[in-house]
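Colleague: Can you read through this structure? Questions will come right after.
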Amino acid sequence: MGSIPDPGELAELTPPSFDDFQRQTSLMTSCTLLWKELSDHITSLEQNLQKKSEALKHKFQTLDHDTKATLASLKKREVTIDGSVEIALERVEEHREAAFKSLENSDHPDGEVDDGDGLLQLLKSFCLKMHSREFWKFVITKKKELDVLRSQIPLALAECVDPARFALEAISEVFPVDRRGERTEKGNDLGWACVLILESLIPVMVDPVIGKSRLLVTPSVKEKAKEIAETWKRSLEERGGIENVKTPDVHTFLQHLVTFGIVKKEDVDLYRKLVVGSAWRKQMPKLAVSLGLGDKMPDMIEELISRGQQLDAVHFTYEVGLVDKFPPVPLLKAFLKDAKKAAASILEDPDTGRAAHLAARKEQSALRAVIKCIEEYKLEAEFPPENLKKRLEQLEKAKTEKKRPAAVPANKRTRASNGGPMPPAKAGRLTNAYVSSFPAPPTFIRSPPHAQYPTGIPAYPSPAAVYGSRSPQSPYAYSPEAAAPMAGSYASAPLNYPAYGGYGNGFAPAYQQAYYR
């Protein structure tokens, strides 16, 4: 048994080995790295907390600022109520006295108006007397003077004792439900007049003290406007759903909501469908923003692109400032490409003459629409329109040459009895030859085409066929697909005979080209 060494006795020290030194070095390195990692992690946490703290602080400041601004606005609105009401009452009293004087005056203006001043006086006369039905009948007969109406109707509505009620009564014949019944003629949509009156009503209802932030509408009239909107929505089922509603009706409904400030958040999906379905109307982007669809605009633009409505998508992108996300030039080029494909598909029609005519018109409409869009948004540097204009000139030149009447050779053989042409000398030898012995039928004089809107401020042409629009009231020159001729029907009329009323060529009337700016 060995003896235990004395603690006080110096023992011989064992020199450390190289392996121990390496282990200690590795341990120190690991500790250093771990410390650095923990330090960086803690620093990152501190920075994130600092950023979140600053963000919360900024939000608190913004919320406090918005709260103060809202309270100040509410206080201002509350303080200005008495003043606004007093001004409104004074105007009502003035208009009432003017109406009495107008009724007592024996000199009533007649319907003959030859200048803007006379038109304004007649409109004011209707408004002073609150004769909404006569006002409506007069307006719908003046669609050729749309620019004048747009400038004069707001001035006339300002003479009404109750402009909002007057406007609702004026358009009640066709909105929310068309009450004309069997009297309604095909294509005789009066949505343009409804939208014109509703738009003209907005500046009249603006509060004279605080402006557009408050509209002067009586509670009873506002409730009436809400009932009208609900009635229109219920009528959708009777019309077969959103897809079967005419675009003028949709435009009137949306403008009605915006004019009276009765937009509902729970109906946003309905508004979105209506806007997309009538996106080719030039005012739809602005109406979409007013309806609270700004946050849904990217999805709406993508849907328009997927449906082949690239031109409409361009207008929506500029309205909401999404040009960087949806560059316009590629969209316009894609639109032209689709238009060429559609024109090529039309050429497959067995009726070669008519197919060529419709295909040329389709391509012309697409070219005009793109050229107008380039000029409107100043895209000449990115998409020079010179080649497009040359192509358009070629198509128009070819169309003009086709319309030139062919020379008819004189027939020397005439029938002396009735002045009709003699049959050919060898007519009896032809199996399918037939020459009538009766006189030639008289030439029928076609009625003049329906009046169109003036082109002072034309709407951008938007092809309905390429867009896939189902509305028969498209105002743009981009023709829909030609309907296949019925079996046994006569061939189409010669090109030098215009189709009656502009309907026989597959094109809907362009009544609102100058209106929708």
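Colleague: Condition first: surrounded by 22 or more Cβ atoms within 10 Å (Cβ to Cβ), in contact (Cβ under 8 Å) with a residue 12 or more places away in the chain and in contact with a helix residue (DSSP H, G or I) (Cβ under 9 Å, 6 or more places away or on another chain). Can you find one or more residues in the range 220-242 that meet it? Outline the logic, then answer.
Modeller: From the range 220-242, those surrounded by 22 or more Cβ atoms within 10 Å (Cβ to Cβ) are none; that's our starting set.
No; the residues of the range 220-242 include none that is surrounded by 22 or more Cβ atoms within 10 Å (Cβ to Cβ), in contact (Cβ under 8 Å) with a residue 12 or more places away in the chain and in contact with a helix residue (DSSP H, G or I) (Cβ under 9 Å, 6 or more places away or on another chain).
Colleague: Separate question: Kindly evaluate residue 173 against the criterion of being open to solvent by 10 Å² or more (accessible area, probe 1.4 Å), in contact with a Lys or Arg (Cβ under 6 Å, 6 or more places away or on another chain) and under 25 Å from residue 238 (Cβ atoms). Break it down stepwise before answering.
Modeller: Working: open to solvent by 10 Å² or more (accessible area, probe 1.4 Å): yes; in contact with a Lys or Arg (Cβ under 6 Å, 6 or more places away or on another chain): yes; under 25 Å from residue 238 (Cβ atoms): yes.
Considered against the rule, which asks whether it is open to solvent by 10 Å² or more (accessible area, probe 1.4 Å), in contact with a Lys or Arg (Cβ under 6 Å, 6 or more places away or on another chain) and under 25 Å from residue 238 (Cβ atoms), residue 173 comes out as yes.
Colleague: What number of residues within the range 115-145 satisfy the criterion of being open to solvent by less than 20 Å² (accessible area, probe 1.4 Å) and either in contact with a Pro (Cβ under 6 Å, 6 or more places away or on another chain) or outside any helix (DSSP H, G or I) (or both)?
Modeller: Residues meeting the conditions: 2.
Colleague: Further, regarding this structure: Which ones in the range 322-342 are touching a residue at least 60 places away in the same chain (Cβ under 8 Å) and more than 17 Å from residue 382 (Cβ to Cβ)?
Modeller: Residues satisfying the conditions are 338, 339, 342.
Colleague: Now a separate question. From 36, 52, 76, 57, grab the single residue that is open to solvent by 100 Å² or more (accessible area, probe 1.4 Å) and either hydroxyl-bearing (Ser, Thr, Tyr) or under 39 Å from the mean Cα position of the chain (by Cα) (or both). If you could, list the steps in order and put the result at the bottom.
Modeller: Numbers: 36 fails: either hydroxyl-bearing (Ser, Thr, Tyr) or under 39 Å from the mean Cα position of the chain (by Cα) (or both); 52 fails: either hydroxyl-bearing (Ser, Thr, Tyr) or under 39 Å from the mean Cα position of the chain (by Cα) (or both); 57 fails: either hydroxyl-bearing (Ser, Thr, Tyr) or under 39 Å from the mean Cα position of the chain (by Cα) (or both).
Going through 36, 52, 76, 57 in turn, the sole match is 76.
Colleague: Continuing with this model, one more query. Exactly one condition in (1) modelled with pLDDT of 90 or more; (2) touching a Ser or Thr at 6+ places or on another chain (Cβ under 9 Å); (3) of a type outside the set (S, T, N, Q) is not met by residue 380; state its number.
Modeller: In the conditions (1) modelled with pLDDT of 90 or more; (2) touching a Ser or Thr at 6+ places or on another chain (Cβ under 9 Å); (3) of a type outside the set (S, T, N, Q), residue 380 misses (2) alone.
Colleague: Let me spell it out: the conditions are (1) outside any helix (DSSP H, G or I); (2) more than 20 Å from residue 381 (Cα to Cα), and residue 319 meets all of them except one. Which number is the exception?
Modeller: Unmet for residue 319, out of (1) outside any helix (DSSP H, G or I); (2) more than 20 Å from residue 381 (Cα to Cα): (1).
Colleague: Any idea which of (1) touching a strand residue (DSSP E or B) at 6+ places or on another chain (Cβ under 6 Å); (2) modelled with pLDDT of 75 or more is the one residue 127 doesn't satisfy?
Modeller: (1)
Colleague: Starting from the range 193-208, take each residue that is among the hydroxyl-bearing types (Ser, Thr, Tyr) and list its partners that are open to solvent by less than 10 Å² (accessible area, probe 1.4 Å) and in a helix (DSSP H, G or I), counting only C-beta distances under 7 angstrom and pairs at least six apart or across chains.
Modeller: Qualifying pairs under 7 Å: 200/153; 200/157.
Colleague: Here's a follow-up. Answer yes or no: is there a residue in the range 252-267 that is assigned to a loop (DSSP other than H, G, I, E, B), touching an Asp or Glu at 6+ places or on another chain (Cβ under 7 Å) and open to solvent by 10 Å² or more (accessible area, probe 1.4 Å). Steps first, answer last, please.
Modeller: First, the residues of the range 252-267 that are assigned to a loop (DSSP other than H, G, I, E, B): 261-264.
This time we only want the ones that are touching an Asp or Glu at 6+ places or on another chain (Cβ under 7 Å), so: none.
Taking every residue of the range 252-267 in turn, none turns out to be assigned to a loop (DSSP other than H, G, I, E, B), touching an Asp or Glu at 6+ places or on another chain (Cβ under 7 Å) and open to solvent by 10 Å² or more (accessible area, probe 1.4 Å).
Colleague: Quick one: in the range 268-299, of everything that is farther than 20 Å from residue 323 by Cβ, in a helix (DSSP H, G or I) and not aliphatic (A, V, I, L, M), which residue is least open to solvent (accessible area, probe 1.4 Å)?
Modeller: Ranking the qualifying residues of the range 268-299, first place goes to 271.
Colleague: Could I ask something else about it? Exactly one condition in (1) open to solvent by less than 30 Å² (accessible area, probe 1.4 Å); (2) under 26 Å from residue 223 (Cβ atoms); (3) modelled with pLDDT under 90; (4) not aliphatic (A, V, I, L, M) is not met by residue 96; state its number.
Modeller: Here residue 96 meets the rest and fails (1).
The values are calculated or read from the model by the stated rules, or taken from the named source; none is laboratory data. Predicted model only: the values in this text are computed from it and were never measured. Because the Cβ atoms are built from the backbone with ideal geometry, glycine has one as well, and the counts that use them run over all protein chains shown. When the accessible area is computed, the model is the full protein with side chains, heavy atoms only, and any ligands, DNA or RNA have been set aside. Shrake-Rupley method; radii C 1.70, N 1.55, O 1.52, S 1.80 Å.
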